[in-house]
1. Restricting to segment A:527-539, and then to whatever is within 16 Å of A:THR495 (Cα to Cα) and buried (at least 23 other Cβ atoms within 10 Å of the Cβ), can you tell me which residue is farthest from the chain's Cα centre (by Cα)?
2. How many residues are surrounded by 21 or more Cβ atoms within 10 Å (Cβ to Cβ), free of Cβ contacts under 8 Å to residues at least 60 places away in the same chain and assigned to a loop (DSSP other than H, G, I, E, B) if we restrict to segment A:692-732?
3. Got a number for residues in segment B:54-90 being out of contact with any strand residue (DSSP E or B) (no Cβ under 7 Å at 6 or more places or on another chain) and either under 30 Å from A:LEU685 (Cα atoms) or more than 10 Å from ligand 1 (Cβ to nearest atom) (or both)?
4. Can you give me the ranges of the strands (runs of 3 or more DSSP E) entirely in segment A:241-357 with at least 2 residues that are within 30 Å of A:ALA46 (Cβ to Cβ) and touching a residue at least 60 places away in the same chain (Cβ under 8 Å)?
5. I'd like the residue in segment B:100-118 that is within 9 Å of chain A (Cβ to nearest Cβ) and open to solvent by 20 Å² or more (accessible area, probe 1.4 Å) and, out of all such residues, is nearest to ligand 1 (Cβ to nearest atom).
6. Kindly provide the set of residues from segment A:714-754 that are within 14 Å of chain B (Cβ to nearest Cβ) and out of contact with any helix residue (DSSP H, G or I) (no Cβ under 7 Å at 6 or more places or on another chain), ordered by number.
7. With the structure loaded, tell me whether A:VAL118 is farther than 22 Å from A:THR335 by Cβ and in contact with a Ser or Thr (Cβ under 7 Å, 6 or more places away or on another chain) or whether it fails that test.
8. In segment B:23-36, how many residues are aliphatic (A, V, I, L, M) and either within 8 Å of chain A (Cβ to nearest Cβ) or within 16 Å of ligand 2 (Cβ to nearest atom) (or both)?
Amino acid sequence: MSAPLTSLDRPNSYIGRSVPRPNAKRLLAGRGRYISDLKLPRMLHAAFLRSPHAHAKIVAINAEQALALEGVHLVATGADLAKICTPWTGTLDHFKGMISAPQLPLPLDRVVWAGQAVVAVVAESRAIAEDALELIEVDYEDLPLVVDIDGAREAGGPVINPGSANNTCFRAHLDNGTVDEVFAHAAHVVEEEITFGRHTAVTLEPRAIVADYDPSAGMLTVHHATQTPYQFQDLYSRHYGIPEARVRVIATDIGGSFGMKLHVYHEDMAVVGLSILLGRPVKYVADRIESFVSDIHARDHRVRARMALDAKGEILAMDVLDLTAIGAFSTYPRTSVVEGNQVIRLIGAPYQFKNYRATLEVIFQNKVQTSQYRAVGHPIACAVTERLVDMAASKLGLDPFAIRAQNVIADDAYPQTSPTGYRFEALSHQACLKRLREIMGYDALRAEQVELRKRGVYRGIGIATFVEITNPSPAFYGVGGARISSQDGAILSLTPSGEVRCLISVTEQGQGTEAIISQIVADQLGLAQEHVKVITGDTEVTPHGGATWACRGAGIGGETALQATRALKRNILEIAALILQEQPSALDIIDGQVVDAATRNQRMPIAEIARIAYFRSDTLPPGTQAQLTVSHHFAPQGYPFAFTNGIQGCSLEVDVETGFIKVLKHFIVEDCGRIINPMLVDEQLRGGIVQGLGAALFEECRYSETGQLMNGSLADYLVPMPMEMPDIVIAHVETPTADTVLGAKGVGEAGTAAASACVLNAVNDALAPFDATINSIPITPTKVLKALKRF
Amino acid sequence: MSGFDQTLLDDADETVRVQLTVNGRRVACEVAPRETLVDCLRNELELTGTHAGCEMGACGACLVQLDGRAVHSCLMFAVQADGATINTIEGLSETGVIADLQAEFHRRNALQCGFCTPGMLVNAHELLSQVAQPSREEIRDALSGNYCRCTGYEAIVDAIEAVAQARDQGGGTK
Ligand code: FES
Ligand code: FES
């Protein structure tokens, strides 16, 4: 039996195909080139002395002995670097009234969190630099500190930023409808306060940077483990006063990033300054404890929310207060309020209702900054919404699937605008709900749950619907005055031997950017994928663009590659037409051969066109200038964001004696539009879900009352390990966006978006027979036992 | 710092000559007593395939084969390895003993950023040399000290399971 031919059976049809990543072989052989591996001639090493206090005045620094140590080249304080680096402020114009204090690489007179870098030492080895740190004396004078959200909001309490009236960084208020009135008359109201702990990215490779300033050329080269090289090119240029074209940022292999490696870190800025001061390459690689105390953290929200429903279970209104504490500064250049802003705008997103009110308060405290990390705001918005929906379902006696089916925006009701102002082009909640029910074997799971309960085994089933923001337009940062690009660029060349080299601005951190770009180029041009070489991550070589953040690699980078390839193909066929005395429209390219479009008869290899164009242009008609390199940029237009959607399900077991939770199986149905490489999409989902499960069950940055991070190591801070993680079942619905030819939307954050919500609902479902509820994430055994009143 | 004993620093820097057989070749390096094996491999011998993720034995990124067993090169001083035979990911790749594992990891995309991958492969290699047909549970258990932030682990488990089966049917390289 032979299946009917599909578009995938065409030669060179790579879009939609699970092909392995060409570059992965290198990584599998131990031939990765991570920044932490880099060694340059005359390279020195930096280490930082960090503040033991969460809030203190720096009275005096004595570094004489350190400087005298053999092998030490420089000891620099805040004042030394302030002479060459201009300060930065983490605010955006479109967040009206937002404030944050100016920041410098190292502080001048005050430290604002425990672990903040205070003094830098540069030496011949990292070990010597660390030895020198031991010889530095800093006199501090303790200042009153602010650790928790309530303390920070207390009137008359300590204020972190001198000159400010209070510790409020930003406030936002949305009010859409007659919320008080609807709640007063609603048949049902459910209300909950949910807290979300701080957690952090814990990329396996910590942050790493090698800055190399060459004074003779006035040229700064920075090898930087970042997702966004162009952003850093701009920042290093502006803050150190070096012309942009003389700043080169190279981001080769990156050992994980997830949003954490796109913020400005004080040490990274300092390392650039240290290299400028010394005129030599300087390397800094954070060690694990430094990562814990200085990488951005994320979440840290306390959300009070209520939902009003009518007698039949129709959602009528939501009313939300989100308090979030972000540390002592707002990060630069993306700010630390984006998460809260996204929380209040994504709450309720899957559902059809009109009346919405939300207040966001973003608060400073003496801890390291929080900022964007995978699925910014999504897990919080999703957990709050989905918990309330489940609470409403149990109040009304409805099944979790039934109440969602009744309230999600119908698949045929698009375009739609959410009560928070988001415009949805086309989502597929109904189809996803239906599919999830099938893949979970929902009815059987419920039956099994009932049976097991009789035997004292407490299983829970949770589901959670989500909406994800992808393909961001300039409405994300550009309108706020940040020099962060939403457009991407590609430069495509046909090489003399008929291969294609593609330089593209989207970057690779293992998600498979280079693979999908080569698939798109090969597919659109008509040649084998192995004949496409993709190059990313070097501002001197690749064209300017946004690179990788907010799920834009496939949707925006992919569309850029597609359009660039079509332009190159037009140019190749024009030359071919001249040589073959044909109309370009009568020709096509298949498998690297120019063919007759109608008959597919081979006419000549594209390698032959390249040979003639490059080496025998004398044989082309007079006036012909072959353009076998094209440069093309693409910026999203149409909808400001491509929203995607999906739904997750979780089956888990709670041991009511120990409070331990075992996730048995996790499920996701997801709609990211056109799928370019199903295997890579599935792996993004799995990786994302596991990060979400980590947040839901284990991960929390715990602080003492004096603002000390108490679990800054991989022995104390729990991350999901293979043994605790379940197998994950995946299904897809495909609703391509009509805004691009490619139709792809993002997928990187979908897994993380709803995992916490799912687990929260499942644990509460498991605990239902005990009348115990959990309203805080991560859900640790202690919290479970407390809810059960057994602790 | 008051009371700081300078001789401690001098001792810390006094190097010792150690001899190792690394990836089949005899090498000698001058190492400070405080230098860990992972630092020696990465810095002195420039074998950067071995990674450091936590430097406390929790993440598995630094696993190498030492005298035939997988060990954490972050938990060992280089001087302790004097006389040992070490295979890093580079050596295991070159000899082809893990070629089937690497191919299967590649086919199933059982890696993303690749930073955990050398440690995963060393551990998988160790597991399959001890247990020919591990169950999925046993594979997950064996990998329980290997942290990966990027994948969901499942593809890694799938790949190891598939290689175990293929080797059993005589399809492997061993
Ligand atoms: S670096 Fe050795 S186990 Fe993490
Ligand atoms: S692939 Fe990135 S840590 Fe495993």
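The values are calculated or read from the model by the stated rules, or taken from the named source; none is laboratory data. Bear in mind the structure is a predicted one, so any value in this text is a computation, not a measurement. Reconstructed Cβ throughout: ideal geometry from the backbone, glycine too, with neighbour counts over all protein chains shown. Side chains are part of the model used for accessible areas, which takes the heavy atoms of the whole protein and leaves out ligands, DNA and RNA. Shrake-Rupley method; radii C 1.70, N 1.55, O 1.52, S 1.80 Å.
1. A:LEU527
2. Number of matching residues: 2.
3. Matching residues across segment B:54-90 total 12.
4. Qualifying strands (runs of 3 or more DSSP E): A:247-250, A:281-285, A:297-309.
5. Result: B:GLN102.
6. Selection gives A:ALA715, A:ASP716, A:LEU718, A:MET721, A:GLU724, A:PRO726.
7. Values: farther than 22 Å from A:THR335 by Cβ: yes; in contact with a Ser or Thr (Cβ under 7 Å, 6 or more places away or on another chain): yes.
Yes; evaluated as a whole, the condition is true for this residue.
8. Adding up the residues that qualify gives 1.
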